[in-house]
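Quick notes on the structure that follows.
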Amino acid sequence: MQFPTIRKIRSAVLMGLLAVAVSPVNAMVITKTDSVFVSNDNSFTIKLFDFLLADFGGGSTTVSSVTVTVDYSKCGSGVGTGGCTGGPGNPFANEIGFALRSPGGTNVSLIENNGDNEDYETGNFETFASGGSNFDRIVTTFDDAGAALGSAPASGVFAPEGSLGDFAGESALGVWEFFIEDDVGLDPIGVYSVRLDVTVSDGAPVPVPAPLVLMGLGLGLLAGARGIRAAR
C-alpha cells in the first residue's frame, strides 16, 4: 500500500489556493471606427475618436495596447470613394504621413514623410519610396508585433515607424487624433476608414476575499484526503 507523500498533499493544497487567491486581469477591447471618406493633396486631415467613460462599462480605462487599421489609396492622378481614378501615373507614396495622438498628448508616427506637420510626426524622413503605380485600396493594420514596413504601401499587418507601446499605461479616456497627410500636390491620398482598437486592463491580478481563499484551502485538503483513501 502506498500513501500520498506530504509533497503531493502540499501541492494539492497549493493548487486549491492558487485557484482562488487571484482573479484574472480584467481586459477589454474598445473599438472606434470612422468610415467618412476624406482625400488630401498637399494637405492634411485629423480624424477624432472620442472615448467616453460609458464605453468602458465601469472598468479600467488604462491602456494596455493599441492597434490601428487604415483603408486607403494613394493615386497618381485622382481619387474617389471607390478608389483611384484617371491614369496610373506615379502616386509618390513617399508623400504619405500617418500618425496617432493620445488624449494625453503622446504622438506615435505610423508612416513618415518630410512634410511640415512635425507636430504630429516624430521624425523627418520618408517611410516609402517615390516610384510605383497606383496603390489602390490598401488595408494596413499597424501593430507593434507586425512585420517591418517595406518601401511601398501594402495590405497586411505591419509595425509602425514609432511604437504603439508608448501609449501603454496612459488613460484611454478622451479624444484620440489620427493624422493623415499628403505633403505634395497632384497625386492625392484617399482614406476610406480608420479603425482604432484600444485594449484596456487593470494591469494586475485582483485579490479575492479571504472566505474564498479558505474555500481554496478546503478544496486542496479534500483533494489530499481523497488521494489517501484511493491509495488504501
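So the values come out like this:
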{"read-out": "Estimated dipole of region 25-204 in Debye, rounded to 20 [Cβ of Lys and Arg +1, of Asp and Glu -1, Cα centre]", "value": "520"}
{"read-out": "Integer Hz, Karplus 6.51/-1.76/1.60 couplings in order for region 64-81, x for Gly and Pro", "value": "9, 7, 9, 10, 10, 10, 10, 10, 8, 10, 10, 10, x, 10, x, 9, x, 5"}
{"read-out": "Chain lengthening between Ser163 and Ala147 when straightened (0.36 nm per residue, less Cα-Cα)", "value": "4.5 nm"}
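Computed from the coordinates by the stated procedures, all read-outs in this text should not be read as laboratory data. Fair warning: this is a prediction, and the values are worked out from it, not measured in the lab. With ideal geometry, Cβ positions are generated from the backbone for all residues, glycine too; neighbour counts draw on all protein chains shown.
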